[in-house]
Each structure stands twice: as structure tokens, then as C-alpha cells.
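J.: Next up is a structure, given as C-alpha cells.
Values quoted throughout were computed directly from the atomic coordinates according to the rules given, and no laboratory measurement underlies them. Everything numeric here is computed off the predicted structure, so don't read it as measured data. Ideal geometry is used to build each Cβ from the backbone, glycine not excepted, and the neighbour counts take in all protein chains shown.
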Amino acid sequence: MSASPRHYFTCRPASARLRPPWHTVPRHFVRSLRLLGLLLLASLAGGCVHYEYDLIDPHGPVRPIAKALDVQRGPIAYHFKNLNTRLRLVIENASDQPVSLLGNGSYLVDPRQEAIAFSARVIPPHAHVTFSFPPVWPVYGVWRDPGWYGPGWGWGPYYYGDWIGPPYYSYYEMRGPPPPGYFEWPSGKRIRLNFAYQQDGSWFSHEFIILKRRR
């Protein structure tokens, strides 16, 4: 004898009974759209903050780094690039002879007045090295398997801890340990850079002070 519709409903798996009736789908969909709109407004509000940097050269005038700035000091060319929340510096050896960036005498003084030493390295002719201030904090992407229930990116509507639709893999990001020499650089604070070099037996150094400010 075939089962009645009521008997069929009561014998459904427990996981299926946890899902809400289909007539509640539009209501949950509207709530999801509202939440998505709030997250979008928050991201837009956070993205409206722009930063600029002032290069304070002890041997020259103060020069703003709105987007980029190039400074030539002897055989060394400094290329500053404004990345909004951080500053990128490319140090180029513009000469035809290799130059050594000395670990003894090259340092950064962060906004808390803590000294951070740079490692020694050799810059070949017409080559460069790159720095980021503050250093980039690595972020790792992690995939969740279909059996993990919780917040994350995936596909299919989410109802009461159960996903309706085929299995999926969700993705989220996780920060690794801070890189060596990492520091926070709030607006209105300065850092001090000093680079010591040796080339053809001669020693020289360049110093810069950089102020971060909101535009």
C-alpha cells in the first residue's frame, strides 16, 4: 500500500525537515539583500579615506607624494609610490657599478620611535630593490569542505544552518603571522629612513622623513 502524503512527509530525513517552508524563501531573500546592502555601504564608506605622504628631505624642500615621486641622490634613484594605506619605495642603482646597501647604518624609525634595521644586500648596476612601509601582512586563502556549516562564501541560499542546493566549497581569508619589522602607521605620524651605501670603497648615506596624512 502506498504511503499517504502525510506519512511521506513525516518520514523525510531530519536534515530536510530543518529547512523552512518554501513560502518563506522570499522573506529570507529580502533580508539577505538588506544585509548585502549594509555591507556594501560599509565598504564604500571605508574606501573613501585617502592618504597622502609628505617627503621631508633634510637637504631640500618638503615635497608631497600625492601619487608618485622620484628623487635622485647621487648614484641612487628613489621612486616613491603612494598605495593609499602604505607607501612603496623602489631604490634603483642608476650607476654602472654595483652598490652595497649596508645593514650597519640602514634603519627605519617607526611612529613609536622603535628602530628597525634593514638587511644588507648588493644592488647590481641598473637594478633595484623594493620596500613597503608598512610591510605587507600576508593573507592566505582557505577552502572549506561541503560538510562545514558556518559563515563563508559559497553558492546556494542559506537557511537555518542548512544549505539548499548541491554541495559546495566555501572560501575565506586568514591572516598569517606579521612579517618581520611590521608596524602600524596611523595618519599624522612620521617615519624616518636612513640608507647607508658603499661603492668603490666610498661610504655615503641618505636620510628621509615621511609624514602620513589624510587628504
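J.: How far, in nm, would the chain grow between residue 54 and residue 102 when pulled straight, counting 0.36 nm per residue and subtracting the alpha carbon separation?
T.: 14.7 nm
J.: Assuming R0 = 25 Å, can you tell me the calculated FRET efficiency for the pair residue 113 and residue 200, based on Cβ-Cβ distance, to the nearest 0.05?
T.: With a Förster radius of 25 Å, E is 0.10.
J.: Taking θ as phi - 60°, what are the ³J(HN,Hα) couplings along the stretch 179-190 by the Karplus curve (6.51, -1.76, 1.60), each to the nearest whole Hz, with x for Gly and Pro?
T.: x, x, x, 6, 8, 8, 10, x, 5, x, 10, 10
J.: How much FRET efficiency would the formula 1/(1 + (r/R0)^6) give for residue 67 and residue 131, where r is the Cβ-Cβ distance and R0 is 22 Å, rounded to 0.05?
T.: Once the sixth-power term is evaluated, E becomes 0.80.
J.: Tell me the label-point distance for the pair residue 121, residue 139, using the 7 Å Cα-to-Cβ offset, in nm and rounded to one decimal.
T.: Those two pseudo-labels are separated by 2.4 nm.
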